[in-house]
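Trainee: Dropping a structure here in structure tokens format, bear with me for questions.
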Amino acid sequence: LTLHQGSKQKFTNTGDINEHYRDLTLKSLAKEFGYNPNYLGNLITSTSGHTFKELLQMRRLNIACNLLQNTNYSIEDISDFVGYDNHSSLFRLFKKYLGITPKEYRTRIQIPRDLDDKSNVIPNPYFK
């Protein structure tokens, strides 16, 4: 999705959401480019197949998964880092897309698995 503001051109799906996932809102993005928030939300959905909220959640989930895999940060710190004031929001996000909690994710990702055993495979959050 490409948005234009005068001579300024930006890619929202890869640019703004990827860089500003902590505090970006549809309203602030729409204001930046001079669009009505409802129009921009519909444009994003029709172009990407996902709502603005879903794109933002998927980005936050991706960052949280990487942090759980590669750091020893607490789940609360990770929740803060990805932009959630309420730590239970991260738990709901994991349950919605992965069906497990962040703690379960960290435990599963760190335990070597037999590749033939499909019972312990973590589903890809982008494909249901």
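The values are calculated or read from the model by the stated rules, or taken from the named source; none is laboratory data. Small disclaimer: the values here were computed from a predicted structure and weren't measured. Positions of Cβ are backbone-derived with ideal geometry, glycine not excepted, and every protein chain shown enters the neighbour counts. For accessibility, only protein heavy atoms count, side chains too; no ligands or nucleic acids. Shrake-Rupley method; radii C 1.70, N 1.55, O 1.52, S 1.80 Å.
Trainee: Using a 1.4 Å probe on the protein heavy atoms only, what accessible surface does Asp77 show? Give it in Å² to the nearest 10.
Mentor: Its heavy atoms expose roughly 90 Å² to the probe.
Trainee: Could I have the simple spin-label model distance between Arg22 and Asn70, label points 7 Å from Cα toward Cβ, reported in nm to one decimal?
Mentor: 1.7 nm
Trainee: How large a share of the accessible area of segment 19-84, in percent, is made up of carbon and sulfur atoms when the probe is 1.4 Å and the other protein chains stay in place? Before the final figure, lay out each step's value.
Mentor: Details: 1750 of 3670 Å².
Here carbon and sulfur together make up 48 percent of the probe-accessible area.
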